[in-house]
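Below is one structure, written out as structure tokens, with a few remarks after it.
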Amino acid sequence: MARTQTLSALSEMRSSRRDFLRGTLLAGAGVCLPSFLDLKVADADPLGFVMPTVAQQRQVGQQGAAEVLKKYYEVTDSRAHHFKAIGERLVQALPASERNMWDFSFRVLTSKEVNAFALPGGPMFMFTGLYELMNSDDAVAGVTGHELTHVREQHWARAYANQNRREGLAVAGLVLTHAPLSLAVAAALAHRALNRAYSRGEEDQADAGGLQDMVAAGYNPYGMVQMFTALDRVQKAHGGAPPVFLSDHPNTGTRIKHTEQRIAAYGSNRQWPPFTPLNYARLTG
Ligand SMILES: [Zn+2]
């Protein structure tokens, strides 16, 4: 069973389009991915649909964040403060029950890659390559709200449980216990979390949840459209591969259309605050 898991984790990583960490994390993975020793016979949950708990997701996220910080240079200037302020404003606008549920953190990493991502449990990373393309705080809030929603909807944990069920682990009655994960298991799960791509449905849900959070936090929701448009422009200018942030689902036109429909659903009388312009060059000074 452990071997099945390991092979499956590896094939997932190989096929992933979200491969920004592949080089470092897979070094020696063939020999170092541990067995899933924390799996044991379940004594509850007759459906066998067992998700990693919130505490376990937070553990995986912390482990993954440590890996990320080993590989990338973390920016600590005004950009870091700016991004953190936007993230925290979005978190403050969440329902009270959720605010303390997750380990939200917001860090900026030096990389030309046009990307941002969140790990299970809450750590979020913005690459300078994406950041410098954003024209307003509202556009940054669009990226951030989207990523926060992946955490809140527990997309990684759900996918993990689904995959186990598909592979027959649930049928065999093998599930994760609710005990804290061993370091080795948390590390293996972090590998998987760092390399997985989201489904179209999950991306759509993240767009919708992110937009809702933007509105609750007082951002202009058209910032999300502005963000998609900016990334789309980059893609067209380069004529090649889409920015990593869009690469899972390159149909940006559809995402813009859905976002505009969601904004329209607030009603035509709804007034939105003006965009808060973002002068990236000034932030770096
Ligand atoms: Zn996403």
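Among the residues of the stretch 193-222, which ones are buried (at least 24 other Cβ atoms within 10 Å of the Cβ) and more than 16 Å from the ligand (Cβ to nearest atom)?
Answer for the stretch 193-222, where residues must be buried (at least 24 other Cβ atoms within 10 Å of the Cβ) and more than 16 Å from the ligand (Cβ to nearest atom): Tyr219, Pro221.
Within the stretch 91-115, count every residue that is surrounded by fewer than 18 Cβ atoms within 10 Å (Cβ to Cβ) and within 16 Å of the ligand (Cβ to nearest atom).
So the count comes out to 1.
Would you please name the residue that is nearest to the ligand (Cβ to nearest atom), looking only at residues in the stretch 126-167 that are of a type in the set (Phe, Trp, Tyr) and more than 15 Å from Gly61 (Cα to Cα)?
The residue in question is Phe127.
Please return the ranges of helices (runs of 4 or more DSSP H) entirely within the stretch 1-114 where 2 or more residues are at pLDDT 50 or above and over 23 Å from Ser182 (Cβ atoms).
Passing ranges, in order: 78-92, 96-99.
Please indicate, with yes or no, whether at least one residue in the stretch 116-128 is part of a helix (DSSP H, G or I) and surrounded by 24 or more Cβ atoms within 10 Å (Cβ to Cβ).
Checked the stretch 116-128: no residue is part of a helix (DSSP H, G or I) and surrounded by 24 or more Cβ atoms within 10 Å (Cβ to Cβ).
The values are calculated or read from the model by the stated rules, or taken from the named source; none is laboratory data. For clarity, every value in this text was computed on a predicted model and none was experimentally measured. Every residue, glycine as well, gets a Cβ built from its backbone with ideal geometry; the counts of neighbours run over all protein chains shown.
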